[in-house]
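Novice: One structure, as structure tokens, below. Some questions next.
The values are calculated or read from the model by the stated rules, or taken from the named source; none is laboratory data. Given the structure is predicted, the values throughout are model-derived calculations rather than measurements. Note that we place each Cβ from the backbone using ideal geometry, even for glycine, and neighbour counts take in every protein chain shown. What goes into the accessible areas is simple: the full protein's heavy atoms, side chains included, and nothing from ligands, DNA or RNA. Shrake-Rupley method; radii C 1.70, N 1.55, O 1.52, S 1.80 Å.
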Amino acid sequence: VSLEGFELRVLQLPLVSPFTTSFGTEAVREVIVARALTADGDGWGEIVTGEAPLYSSEYTQGAWDVALRFLAPALLERGRIAPEQVSAVLEPYKGHRMVKAGLELAVLDAALRAEGRSLAEYLGAVRDRVPSGVSVGIQRDPEALVDAVAGYLDDGYVRIKIKIKPGRDIDDTAAVREAFGGIPLQVDANSAYTLADVDTLAALDRFDLLLIEQPLQEDDIVDHAVLAKRLRTPVCLDESIVSAKAATDALALGSAAIINIKAGRVGGYLEALAIHDLCVGTGVPVWCGGMLETGIGRAANAALAALPGFTLPGDISASARFYTHDIVTEPAVIEDGHVRVPTGDGIGVEIDHDALDAVTVAREVVHR
Ligand SMILES: O=C(O)CCC(=O)N[C@@H](C(=O)O)c1ccccc1
């Protein structure tokens, strides 16, 4: 595509209910939407940072700064660029993978819309709908957690993921198992434990979980390999897997038996595809993680989750799980436990410009 500019917007979307993880509680999702302005038409991407650097080192204000001052100008300087060249152009700038992912998706969306191709077809999707798992935040107490899980099971979610942290792990998991029997269940610690907690983590083995996600430090691979040998439950990594190289290292060391792939965390959907291909080659199951995306990222995640190696349900919930209003004209819905893979050109969803304006708290346009 021939790049003419980028429009960046900071959005603030109120959550339908506060979302508590081991690193804090969010009531409003602050996210950046990127629009690629090209001679061939617009493309849309999403920069999935949070307001504070609590999930990883990236955060919205930093993303805004690095996008406007370095990354967008680097791409605009190129002018004519293929989506597959974006990561190489941005490589000299270290880190900021969520920003790179959002800009790359905007360029990719513009190119695919211009070609009349869907992202699903471009990535190699083999399904037209994907099973929908849901991520449940830490609740007031185990009884409240059981109530929340009951609601999501009624909605039709085929897999439950509960957030855990020290002191809110065994009793919560036991309560869910006691209330709902053998439903597909996994836990996500978001790096809240250390190797000193191995006995607590091993006590989760009795619950027959699908996996335990990112129990240890967000940038660790070695300790997870030590821990994996002490647990029966498969260890899944999220935060630690920031690239295809990190995935290769983790698999080489035995740090992960399963990988949660998030395009934002690894720098884009093309890097996500590379990790998928690497895992398929070595027989490692992957699933698509979520970052409370708006309809833009949610549509792209559905396309990614439709690839053959995504054999476990992802965190691809209906838009209504988090938001009362989405910024696309057709928010993702759960139908018979699944979310449809968009078939339209590019990411296959259209922007609801009034809804977008209503939640926009900052806007900048950079031109060539
Ligand atoms: O379904 C979703 O989009 C949310 C899935 C989810 O739990 N995301 C978690 C995570 O650690 O994976 C999260 C990331 C960043 C911020 C908050 C929560």
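Novice: Among the residues of the range 188-216, what is the count of those that are within 14 Å of the ligand (Cβ to nearest atom) and either over 17 Å from Lys163 (Cβ atoms) or of a type in the set (Gly, Ala, Ser) (or both)?
Specialist: Summing the residues that are within 14 Å of the ligand (Cβ to nearest atom) and either over 17 Å from Lys163 (Cβ atoms) or of a type in the set (Gly, Ala, Ser) (or both) in the range 188-216 gives 3.
Novice: Next question. Scan Val359, Val341 and give me the residue that is more than 16 Å from the ligand (Cβ to nearest atom), of a type in the set (A, V, I, L, M), at pLDDT 95 or above and farther than 24 Å from Ala72 by Cβ.
Specialist: After ruling out the rest, the residue left standing is Val341.
Yes/no per residue for (1) among the small types (Gly, Ala, Ser); (2) touching a His at 6+ places or on another chain (Cβ under 9 Å):
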site: Ser2; (1), (2): yes, no
site: Phe6; (1), (2): no, yes
site: Arg9; (1), (2): no, no
site: Pro18; (1), (2): no, no
site: Glu26; (1), (2): no, no
site: Glu30; (1), (2): no, no
site: Thr38; (1), (2): no, no
site: Gly41; (1), (2): yes, no
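Novice: Then there's this: Does Leu278 fit the bill of being in contact (Cβ under 8 Å) with a residue 12 or more places away in the chain, assigned to a helix (DSSP H, G or I) and open to solvent by 10 Å² or more (accessible area, probe 1.4 Å)?
Specialist: Taking the combined requirement at face value, the residue satisfies it.
Novice: Could you tell me which residue of the range 217-245 is nearest to the ligand (Cβ to nearest atom), considering only residues that are open to solvent by 60 Å² or more (accessible area, probe 1.4 Å) and under 22 Å from Ala274 (Cα atoms)?
Specialist: It comes out as Glu218.
Novice: Out of all the residues in the range 109-131, is one or more under 20 Å from the mean Cα position of the chain (by Cα), closer than 27 Å to Leu195 by Cβ and either assigned to a helix (DSSP H, G or I) or not charged (D, E, K, R) (or both)?
Specialist: no
Novice: Can I ask one more? Could you list all residues from the range 13-39 that are more than 18 Å from the chain's Cα centre (by Cα) and crowded, with 17+ Cβ neighbours inside 10 Å?
Specialist: Passing the criteria: Arg35, Ala36, Leu37, Thr38.
Novice: Could you check the range 94-122 and list, in sequence order, the residues that are surrounded by fewer than 19 Cβ atoms within 10 Å (Cβ to Cβ) and closer than 22 Å to Ile241 by Cα?
Specialist: Listed by number, the residues that qualify are Lys94, Gly95.
Novice: Do we find a residue being among the aromatic types (Phe, Trp, Tyr), under 20 Å from Ala299 (Cβ atoms) and not assigned by TED's automatic domain parsing to the domain that holds Asp219 anywhere in the range 21-31?
Specialist: no
Novice: Inspect the range 74-85 for any residue being open to solvent by 10 Å² or more (accessible area, probe 1.4 Å) and within 16 Å of the ligand (Cβ to nearest atom) and give the result as yes or no.
Specialist: The answer is no, given that none of the residues of the range 74-85 is open to solvent by 10 Å² or more (accessible area, probe 1.4 Å) and within 16 Å of the ligand (Cβ to nearest atom).
Novice: Next question. Can you name the residue in the range 23-55 that is in contact with a Ser or Thr (Cβ under 9 Å, 6 or more places away or on another chain) and in a loop (DSSP other than H, G, I, E, B) and, of all such residues, is farthest from His353 (Cα to Cα)?
Specialist: Phe23
Novice: What's the number of the condition Thr248 fails, among (1) open to solvent by less than 10 Å² (accessible area, probe 1.4 Å); (2) more than 12 Å from the ligand (Cβ to nearest atom)?
Specialist: For Thr248, the exception is condition (1).
Novice: Has the range 264-274 got at least one residue that is over 16 Å from Glu213 (Cβ atoms), assigned by TED's automatic domain parsing to the domain that holds Val222, open to solvent by 10 Å² or more (accessible area, probe 1.4 Å) and free of Cβ contacts under 8 Å to residues at least 40 places away in the same chain?
Specialist: Yes, because at least one residue in the range 264-274 is over 16 Å from Glu213 (Cβ atoms), assigned by TED's automatic domain parsing to the domain that holds Val222, open to solvent by 10 Å² or more (accessible area, probe 1.4 Å) and free of Cβ contacts under 8 Å to residues at least 40 places away in the same chain.
Novice: If I ask for residues that are away from the ligand (no atom under 12 Å from the Cβ) and free of Cβ contacts under 8 Å to residues at least 12 places away in the same chain, which ones from the range 23-63 would you list?
Specialist: Gln61
Novice: Taking only the range 157-174 into account, find how many residues are crowded, with 19+ Cβ neighbours inside 10 Å and away from the ligand (no atom under 14 Å from the Cβ).
Specialist: 4
Novice: Among the residues of the range 1-22, how many are outside any strand (DSSP E or B) and either away from the ligand (no atom under 12 Å from the Cβ) or closer than 30 Å to Arg80 by Cα (or both)?
Specialist: Qualifying residue count, the range 1-22: 1.
Novice: For the range 293-324: of the residues being touching an Asp or Glu at 6+ places or on another chain (Cβ under 8 Å) and assigned to a loop (DSSP other than H, G, I, E, B), which is farthest from the ligand (Cβ to nearest atom)?
Specialist: Gly309
Novice: Next question. Out of the residues in the range 125-151 that are open to solvent by 30 Å² or more (accessible area, probe 1.4 Å), in contact (Cβ under 8 Å) with a residue 40 or more places away in the chain and not acidic (Asp, Glu), which is farthest from the ligand (Cβ to nearest atom)?
Specialist: Across the range 125-151, the extreme among qualifying residues is Val126.
Novice: Please determine whether any residue of the range 265-274 is closer than 18 Å to Asp155 by Cα and under 15 Å from the mean Cα position of the chain (by Cα).
Specialist: Checking the range 265-274: not a single residue is closer than 18 Å to Asp155 by Cα and under 15 Å from the mean Cα position of the chain (by Cα).
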